[in-house]
1. Please go through region 165-182 and pick out each residue that is hydrophobic (A, V, I, L, M, F, W, C) and either over 16 Å from residue 295 (Cβ atoms) or in contact (Cβ under 8 Å) with a residue 60 or more places away in the chain (or both).
2. Residues to consider are 166, 131, 162; find the one that is among the small types (Gly, Ala, Ser), crowded, with 19+ Cβ neighbours inside 10 Å, within 30 Å of residue 219 (Cβ to Cβ) and not assigned by TED's automatic domain parsing to the domain that holds residue 238.
3. How many residues, within region 100-117, are crowded, with 20+ Cβ neighbours inside 10 Å and either touching a Phe, Trp or Tyr at 6+ places or on another chain (Cβ under 6 Å) or not assigned by TED's automatic domain parsing to the domain that holds residue 71 (or both)?
4. When residues of region 250-277 are filtered for being under 23 Å from residue 138 (Cβ atoms) and either hydroxyl-bearing (Ser, Thr, Tyr) or part of a strand (DSSP E or B) (or both), how many remain?
5. Just to be sure I understand, how many residues within region 22-44 are within 30 Å of residue 93 (Cβ to Cβ), more than 19 Å from the chain's Cα centre (by Cα), aliphatic (A, V, I, L, M) and part of a strand (DSSP E or B)?
6. Quick one: would you say residue 247 is outside the structural domain of residue 161 (by TED's automatic domain parsing), over 26 Å from residue 142 (Cβ atoms) and either more than 26 Å from the chain's Cα centre (by Cα) or assigned to a loop (DSSP other than H, G, I, E, B) (or both)?
7. Pairs under 6 Å by beta carbon, first residue under 13 Å from residue 104 (Cα atoms) in region 53-76, partner among the β-branched types (Val, Ile, Thr), six or more apart or different chains?
8. For the structure I just gave you, tell me whether residue 91 is within 26 Å of the chain's Cα centre (by Cα), closer than 23 Å to residue 134 by Cα and surrounded by fewer than 18 Cβ atoms within 10 Å (Cβ to Cβ).
Amino acid sequence: MVPSEGGTPRQVSSGDYNHGGNISFSPDSKTIYFSADREEDWALTPGQSDIFALDVKSGEFTQLTDRNGPDGGQAVSPDGKLIAYTGYDYREIGTQISRLYLMNSDGSNKREILNIDRSIGSLNWKGDGSGLYFQYTSEGKGNIAFTNLQGDVDNIVDNMGGMAVGRPYAAGNYNVNASGDVVFTAGDGENLSNVAIVNNNGSIQQLTRVNEDLFGHKEVGKVEELWWTSSFDGRKVQGWIIKPPGFNPNKKYPMVLEIHGGPHAAYGPYFSMELQLMAAQDYVVFYTNPRGSTSYGQEFAELIL
C-alpha cells in the first residue's frame, strides 16, 4: 500500500506465495480483497487461486474461496455486502469457461448467477447495486453486457475493438461510472481502436480519433467476414479475409493464411498492422478461428484435446 498523495510503500503480504489480479477495497476502505495462491506448492498449481480478504489495520488474512480452480476478478458491491467474482471448477484441460458468481463479503452463500457458454470478465457493479456490467467475447467480437442479480442479461456493446496493434486479437477494454455511463475501446478492421461512450439512449459516440492524421490519406485493406461448413464434420467455422487496397476482382492474387497461437485464443474483425502490411504487398490475407479457439463455447474449444 502507498498513500494516494505519494509516500513510502508498505508491504502487506509476506512469504513465498503468489498474488495476482485486480485488488478491490471495501467501501469503508478497511478491507482489501484480492486473488492469490497461498499454498506452499503454488508453483506446481498454475490453475489454482482463491479470493482473500485482508484487514488493513491488523494485517490478518481471511480465505473466502477454497475450491480447486482459479477464483478471481472480484468486485465488491457498493454497499460492501456482496462480492462478485469469476472462476470455474478446474478439470485439468487447456481452457475452461469463466463463470460469474456471487458470495457474501464473509465468503458465505456462494452461488452462480449467470450461466452462458462464454467466458465472463471485467466485472463492474452498477452504482445502485442492482447488477453487474461485464465483458465477454463471442464469435470473435468483444461484447459488453449487464446482468441483474437474477441473471437476466442485456447486451450493451457488440463492437468492442481490440487493443493489440500487430494482430487482430479480440481483447478490448471498458469502464463504467456510478451513473452507468459506459466508455470502451471501439474499433473495426480498418481502424485502430478509439475511445467511445454509450449514451443514455443507447447510441454510441466516438470520443477520440487519434490516428486520423496517419490514416486519413491512406487506403487500407477491407476486412470481410466468412463462415463456411467444414467438410470434416459439417461444423460451422468462422474467418476473415483482407483484400489488398485497390483490389481487382478480375485478377488472381496469392493468399497468406495467418494462424493464431494459444491455441485457445480468438481473432476478430479488428485492425492488424501485420496483416495490413501483407495485404499492401498484394496478398489476400486469410485468418480464422479454427477448432480450439475461444469465443464459440466450451465444446468448440475442447475439440483439439
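The values are calculated or read from the model by the stated rules, or taken from the named source; none is laboratory data. Given the structure is predicted, the values throughout are model-derived calculations rather than measurements. Positions of Cβ are generated from backbone atoms using ideal geometry, with glycine treated the same way; all protein chains shown enter the neighbour counts.
1. 165, 170, 176, 178, 182
2. 162
3. Selection size over region 100-117: 1.
4. Total meeting the criteria: 4.
5. Going through region 22-44 one residue at a time, the tally reaches 1.
6. Yes, satisfied.
7. 53/31; 53/62; 64/51; 65/51; 74/51; 74/83; 76/83
8. Judged against the criteria, residue 91 is not a match.
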